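Chemist: The structure that follows is given in the form of C-alpha cells.
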Amino acid sequence: MTADPLMDRERDRYRLAEAAAEAAEGVPGVAFLRPGVVDLLRTRVADRAPRLATGPGPRTQGVRVSRDGTTGTWHIDIRLVLHRGHRALDVTRAVHTATLAATRAESSVPVRVTVTVTGVV
C-alpha cells in the first residue's frame, strides 16, 4: 500500500489549521475567529448540497493554511475579532506565539504565521 502525498499534505494542513484555531481561540482578548468570504460561501453551498468527496476533515473557519511549493514552509493566516478593551498588538503577538508553539508539534517543517484583526466587539 503506497502513501498518497496529496492526502498526507491535506491531512497535515487540517491538523495545522485545527492546532492554530485552538491556540488562537485560547488567547485572552480573542472574541472569535472570523470566517472570510470564501468560508461563508463554502458553508452556504455545503448546506445545500451533499458533500461529494470526503477529505481529512472540514475547513477551519478563520484559519487559512497553505504551503510554499519551493521552500516547503507552511503559511498560516489567522483572522480574528477582538473583545473590546484589549490592545490589538498585544493580542496578535500572543496569538502568534501560541500558534507557533501549537503547530511545532504538528509539523517538522518551518511555519510562518500572520494574524489579522478584522474587528472589535
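Chemist: Give the residue that is nearest to ASP8 (Cα to Cα), with candidates limited to residues of segment 65-86 that are at pLDDT 95 or above and charged (D, E, K, R).
Modeler: ASP77
Here's the yes/no breakdown for (1) closer than 13 Å to ALA17 by Cα; (2) in a helix (DSSP H, G or I); (3) open to solvent by 60 Å² or more (accessible area, probe 1.4 Å):
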| position | (1), (2), (3) |
| --- | --- |
| GLY72 | no, no, no |
| ILE78 | yes, no, no |
| GLY85 | no, no, yes |
| LEU89 | no, yes, yes |
| THR103 | yes, yes, no |
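Chemist: Restricting the first residue to segment 12-27 and requiring it to be open to solvent by 50 Å² or more (accessible area, probe 1.4 Å), which pairs with a second residue that is β-branched (Val, Ile, Thr) meet a Cβ separation below 8 Å and a spacing of at least six or different chains?
Modeler: Partner pairs satisfying both residue conditions: ARG13/VAL65; TYR14/THR60; GLU18/THR60.
The values are calculated or read from the model by the stated rules, or taken from the named source; none is laboratory data. No experiment lies behind these values; they were computed from the predicted model shown. Ideal geometry is used to build each Cβ from the backbone, glycine not excepted, and the neighbour counts take in all protein chains shown. Ligands, DNA and RNA are stripped out before the accessible areas are found, and what is left, the full protein with its side chains, is counted by its heavy atoms. Shrake-Rupley method; radii C 1.70, N 1.55, O 1.52, S 1.80 Å.
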